[in-house]
Amino acid sequence: MSAPDTSALIENRSLEEKFDPEMRFRPLLPGTAWLVAGLLLTLSMFHYYTAGFGLLREATHRGIHMAFVLGLIFLVFSAFKSDQDRVVPSSLWRPGGISLVDWGLAVAVAIASLYVPWIFNELAFRVGNPSTTDVVMGTILIVLLLEATRRSVGWPLPVIGIGMMLYAYFGPSMPGILQHPGATWSNIVNHLYLTSQGIYGIALGVVATYVFHYVLFGVLATRVGLGKLFIDLATCVAGRYAGGPAKVSIFGSALFGMISGSSIANTVTVGSLTIPAMIRVGYKRHFAAAVESAASTGGQITPPIMGAAAFLMVEFLNVSYQTVILAALVPACMHFFGVFMQVHLEAKRAGLRGLPAEELPVAAKVIREGWQTIMPLAVLLMVLFSGFTPYLAAFWGITACIVVGVSRIPAVTLGFLAAVAIGIAAGLLTQIVFVLPLLLLVVALLIYAYVTSDAGKAKVIDLIDAFVVGAKYAIGVGAAAATVGIIVGIVTLTGVGFKISFIVTSFAAQMAQTMSEILPVWFMDVKSMTLFFTLLMTAVVCILLGCGVPTTANYIIMVTVAAPALGLLGVTPIVAHFFVFYYGVLADITPPVALAAYAGASMAGADPFKTGNTAFRLGLGKALVPFVFVYGPAMLLVTPDFTWASFFLVTAGAIAGILCLSAAFAGYALTEMRAWERWLIGIAALPIIAPDLRTTLVGLAIATPVLASQLLKARAQTASAPA
């Protein structure tokens with residue numbers, strides 16, 4: 001399993017663009033392509049500079065970010081799908097192959113985005129009493145923002161935004177508890193455009209302040225070879241064992257996911273190596289694609305990067321990023337453990353082999369050749385866990401990527417690492433007298449590499465391309481975050497979030513009361529059952545919403561609407577946030593719109609729907625674990641009532657339950673399982689995984705006949721086997 005060549009990388013990028021709506025750029029004429037690339041590079045450099053030398057005033061920083069993002073969307077996304085895949089010749093009405101309308105919209109949305117920073121000093125006198133110009137500019141931004149979001153991420157999110165604005169406007173006509181006094185269009189624009197509760201709110205701020213930098217870091221780290229190092233190390237560790245390529249897929253996706261934070265990017269990058277190898281050793285095509293896509297969805301829940309939602313949690317919960325990383329650690333391990341056990345048992349049942357020795361890389365050689373590529377991640381984590389801001393950590397991580405990318409001289413790499421360590425110890429990382437010399441060294445390295453050899457020139461060009469591609473990844477996320485600002489703004493304007501919470505909890509309480517008359521009292525009381533049904537409804541809505549809305553937008557919407565309901569039932573805020581986050585991610589492998597699974601199916605030549613169903617089954621651990629840490633929050637390590645005793649009880653039960661469920665799905669434990677064994681151990685898995693000692697013991701009692709039967713059959717097979 002060697003690294004993909006250039007043609008494979010190009011094919012991977014085309015697959016990302018095919019299955020990820022945020023990457024479907026229309027083909028551009030050379031002149032326009034250079035202009036767009038220049039704007040993307042400028043956007044990346046703006047964020048790189050501000051991360052290291054200090055953010056601008058909040059409204060200014062967010063306004064510049066949004067002006068670039070939305071303006072670029074009108075240049076790179078066609079209004080209609082029919083025009084998205086064809087090059088349009090230049091003409092009087094289409095200069096540069098882009099219509100005059102799109103050029104005009106790009107300029108208009110940029111001006112409307114920058115208007116608020118321009119009048120910022122006067123906002124204190126205008127909020128609540130907008131002028132006609134304010135309303136006009138706000139209307140332009142809202143309309144064009146919805147159109148930009150439609151082009152880049154699809155219809156569902158703009159439709160939700162429009163529906164929320166209609167709800168605010170027609171409040172007096174709403175039925176029952178949903179009724180409210182209503183708001184004029186001027187009031188709506190004022191709240192969404194001129195305050196920090198709407199478009200310029202937390203969602204856009206997090207993307208402009210944190211997410212962009214970590215997306216850029218992930219792209220650069222992959223380009224300098226960190227992704228290849230992770231995959232090769234995973235192959236060294238797991239490739240030789242039964243069903244080896246599938247286990248490589250899991251370990252590789254977990255490691256690569258730490259820096260990518262994207263399910264689809266993870267699937268196509270790691271899958272380009274692991275899916276063909278899985279098929280070659282005997283896995284069915286749909287199963288191979290499902291393994292890769294299920295493992296790849298773990299990328300968004302795997303520390304230290306975790307995608308955009310982790311940084312949103314930091315802002316919403318007002319906790320440190322280190323707290324979020326620590327809370328995510330054990331649930332992420334549970335997800336990969338669940339996929340691993342199903343893959344392992346499937347391999348044992350089918351008698352699949354590992355990779356032959358000649359296909360396995362030598363660990364010592366892999367580390368010797370690629371150790372320098374891990375330095376950017378080491379620098380990022382050093383700065384992050386030293387108490388500095390996440391965006392400053394990203395700045396130094398990106399700088400380390402540039403150093404490693406243009407110079408593989410060990411002394412240079414180690415010297416840079418030592419300099420950062422000294423800067424951390426002396427508290428100099430933000431001082432210009434310390435930063436400037438290191439940046440001058442980086443510039444000198446870039447110039448030296450570019451002028452001394454063709455290989456050096458290629459490295460520099462590749463790094464510049466990585467800055468361009470990093471900005472590409474962030475465009476759709478930026479538009480989605482700004483549109484979510486509309487939804488959040490309407491929730492704060494009308495108070496509909498608490499009304500929905502009341503409706504949900506009331507309905508859940510009625511269902512719990514009904515079930516309490518059927519189930520034994522010791523199994524679950526009315527309060528616990530009310531929480532269970534609330535969680536169940538929240539999970540279903542998260543998955544359905546995730547079918548058409550990006551994970552980040554899904555998370556913000558559900559936190560705004562569903563988290564208050566969970567809070568009313570006593571769920572700790574960080575637990576509620578992780579619950580909706582996990583179910584939003586699960587949508588990437590949940591049919592009918594399982595984008596990560598469809599990307600894997602395309603690479604494997606498999607049936608997409610069958611792949612999606614199998615991927616969902618493989619990722620079922622991720623579907624159960626959120627329920628576990630709601631009832632047993634000690635799994636998250638950072639909750640107020642954490643104790644090691646409760647942690648080990650909850651985690652051990654989750655591990656045992658996942659083992660039982662994996663055996664039921666694979667039809668194999670110690671030997672082949674009969675139908676009654678599969679059903680019985682599958683039923684036993686649910687009470688075992690429940691974070692309560694009584695129910696866990698009941699589950700173990702149910703599973704005991706199956707375990708005894710498997711032991712007896714395994715001994716009989718061993719005794720009858722030839723010597």
Taking region 534-553 and the residues there that are in a helix (DSSP H, G or I) and closer than 9 Å to Ala587 by Cα, the one that is nearest to the chain's Cα centre (by Cα) would be Thr551
Looking across region 256-301 at residues that are of a type in the set (A, V, I, L, M) and open to solvent by 20 Å² or more (accessible area, probe 1.4 Å), the single one that is modelled with the highest pLDDT is Ile279
| query | Restricting attention to region 462-477, does a residue exist that is farther than 28 Å from Arg62 by Cβ, open to solvent by 10 Å² or more (accessible area, probe 1.4 Å) and either in contact (Cβ under 8 Å) with a residue 12 or more places away in the chain or assigned to a helix (DSSP H, G or I) (or both)? | reply | yes
Expected single match for among the β-branched types (Val, Ile, Thr) and part of a helix (DSSP H, G or I) among Val291, Val319 is Val291
In region 222-236, residues that are surrounded by fewer than 24 Cβ atoms within 10 Å (Cβ to Cβ) and not in a helix (DSSP H, G or I) total 1
Picking from Ala363, Ala411, the residue that is at pLDDT below 90, surrounded by fewer than 18 Cβ atoms within 10 Å (Cβ to Cβ) and in contact with a Cys (Cβ under 6 Å, 6 or more places away or on another chain) would be Ala363
Going through (1) modelled with pLDDT of 85 or more; (2) within 30 Å of Pro573 (Cα to Cα); (3) of a type in the set (A, V, I, L, M); (4) not in a loop (DSSP other than H, G, I, E, B) one by one, Leu312 fails only at (1)
For region 115-131 the number of residues that are surrounded by fewer than 18 Cβ atoms within 10 Å (Cβ to Cβ), at pLDDT 85 or above and not hydroxyl-bearing (Ser, Thr, Tyr) is 6
Of those in region 152-161 that are over 17 Å from Thr492 (Cβ atoms) and surrounded by 16 or more Cβ atoms within 10 Å (Cβ to Cβ), the residue modelled with the highest pLDDT is Pro158
(message) When you check Tyr193 against the structure, is it crowded, with 24+ Cβ neighbours inside 10 Å and in a helix (DSSP H, G or I), yes or no?
(response) yes
Q) Of the residues that make up region 691-702, is at least one under 36 Å from the mean Cα position of the chain (by Cα) and of a type in the set (D, E, K, R)? A) yes
Selection from region 196-210 of residues open to solvent by less than 10 Å² (accessible area, probe 1.4 Å) and either of a type in the set (Val, Ile, Thr) or part of a helix (DSSP H, G or I) (or both) yields Ile199, Ala203, Leu204, Gly205, Val206, Val207, Ala208
Counting only residues that are assigned to a loop (DSSP other than H, G, I, E, B) and on the phi < 0 side of the Ramachandran plot, region 386-403 contains a total of 3
Apart from one, (1) in contact (Cβ under 8 Å) with a residue 24 or more places away in the chain; (2) not in a helix (DSSP H, G or I) all hold for Ser113; the odd one out is (2)
Considering only helices (runs of 4 or more DSSP H) wholly within region 554-672, the ones with at least 2 residues that are open to solvent by 10 Å² or more (accessible area, probe 1.4 Å), farther than 26 Å from Glu315 by Cβ and among the charged types (D, E, K, R) are 608-618
Within region 85-104, of all residues that are among the aliphatic types (A, V, I, L, M) and crowded, with 17+ Cβ neighbours inside 10 Å, the one modelled with the lowest pLDDT is Val88
Given (1) within 20 Å of Arg26 (Cβ to Cβ); (2) of a type in the set (Asp, Glu); (3) at pLDDT 90 or above, Asp134 misses just (1)
Within region 289-306, the residues that are under 10 Å from the mean Cα position of the chain (by Cα) and hydrophobic (A, V, I, L, M, F, W, C) are Ile301, Ile305, Met306
Those residues of region 404-447 which are touching a residue at least 40 places away in the same chain (Cβ under 8 Å), of a type outside the set (A, V, I, L, M, F, W, C) and assigned to a helix (DSSP H, G or I) amount to Gly405, Thr413
Taking region 170-183 and keeping residues in a loop (DSSP other than H, G, I, E, B), open to solvent by 70 Å² or more (accessible area, probe 1.4 Å) and free of Cβ contacts under 8 Å to residues at least 12 places away in the same chain leaves Pro175, Gln179, Pro181
Residue pairs qualifying under the 7 Å Cβ cut-off, at least six apart or on distinct chains, with the first in region 237-252 being crowded, with 24+ Cβ neighbours inside 10 Å and the second being of a type in the set (S, T, N, Q), are Pro245/Thr274; Val248/Thr235; Val248/Thr274; Ser249/Thr274; Gly252/Thr274
All conditions in (1) closer than 30 Å to Phe212 by Cα; (2) open to solvent by 30 Å² or more (accessible area, probe 1.4 Å) are true of Met334 except (2)
The condition from (1) open to solvent by 60 Å² or more (accessible area, probe 1.4 Å); (2) not in a loop (DSSP other than H, G, I, E, B) that Ile518 misses is numbered (2)
Scanning region 306-362 residue by residue, the ones that are without any contact (Cβ under 8 Å) to a residue 12 or more places away in the chain and among the polar types (S, T, N, Q) total 2
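The values are calculated or read from the model by the stated rules, or taken from the named source; none is laboratory data. Computed from a predicted model, the values in this text were never measured in an experiment. Please note: Cβ atoms are built from the backbone with ideal geometry, for glycine as well, and neighbour counts cover all protein chains shown. Calculation scope for accessible area: heavy atoms of the full protein, side chains included, ligands and nucleic acids excluded. Shrake-Rupley method; radii C 1.70, N 1.55, O 1.52, S 1.80 Å.
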